[in-house]
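Heads up: the structure comes next, in structure tokens.
The values are calculated or read from the model by the stated rules, or taken from the named source; none is laboratory data. Computed from a predicted model, the values in this text were never measured in an experiment. Counting neighbours? That spans all protein chains shown, and the Cβs are built from the backbone with ideal geometry, glycine included. We work out accessible area using only protein heavy atoms, side chains counted, and drop any ligands, DNA or RNA first. Shrake-Rupley method; radii C 1.70, N 1.55, O 1.52, S 1.80 Å.
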Amino acid sequence: MVDRLGFVDVCSGAGGMASGLESAGFSPVLLLDNKHQACETLLANRPHWNVVCEDLIEFLPEEHPETLDVDLLSAGLPRVKSSAASYPSSTRRQPLPHLGLRPLLIPTEKRTPPA
């Protein structure tokens with residue numbers, strides 16, 4: 001019998017991606033989310049899953065050695081609040097501090113290409 005591929009899912013939310021991966025043949029090793037309600041939902045639907053309710057920044061893989069040798073790391077995008085669009089542009093262009101990334105800015109006005 002072939003072992004199923006294991007995965008860790010961060011920013012798991014209610015578990016939609018993890019559920020899809022499980023249906024596709026993957027085995028959840030650990031699911032991580034910092035929202036208490038999301039963790040409760042995960043455990044209510046899949047009580048056998050290893051759910052950790054903790055912020056990703058504070059998560060220490062050494063405390064969860066089963067996560068060190070997985071086949072897939074999946075990550076749901078954290079929900080972006082609509083108020084993020086109202087921040088001054090100078091704030092929006094700052095790199096995300098812990099990742100060194102800049103957010104992608106998508107123009108909201110329709111532009112006509114030059115003739």
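Check which residues have an amide H placed less than 5 Å from Arg4's amide H, if you skip close sequence neighbours.
Amide H to amide H, under 5 Å and 5 or more residues apart or across chains, Arg4 pairs with nothing.
Along the Cα-to-Cβ line of Asp3, 7 Å from the Cα, sits a label point; which residues in region 27-50 have backbone N less than 14 Å from it?
The answer is 27-29.
Carbon-plus-sulfur fraction of the accessible area of region 17-69, 1.4 Å probe, in percent? Walk me through the intermediate numbers first.
Values: 1740 of 3290 Å².
Carbon with sulfur: 53 percent of the solvent-accessible area.
Along region 21-37, what does the Karplus equation 6.51 cos²θ - 1.76 cosθ + 1.60 (θ = phi - 60°) give for ³J(HN,Hα), rounded to whole Hz, x for Gly and Pro?
The phi angles translate into 5, 4, 5, 7, x, 8, 10, x, 8, 7, 10, 10, 8, 9, 9, 4, 5 Hz.
Contour minus end-to-end for Leu56 and Leu72, with contour as 0.36 nm per residue of separation and end-to-end as the Cα-Cα distance?
On the way: separation 16, 0.36 × 16 = 5.76 nm, distance 1.66 nm.
Here the segment from Leu56 to Leu72 would lengthen by 4.1 nm.
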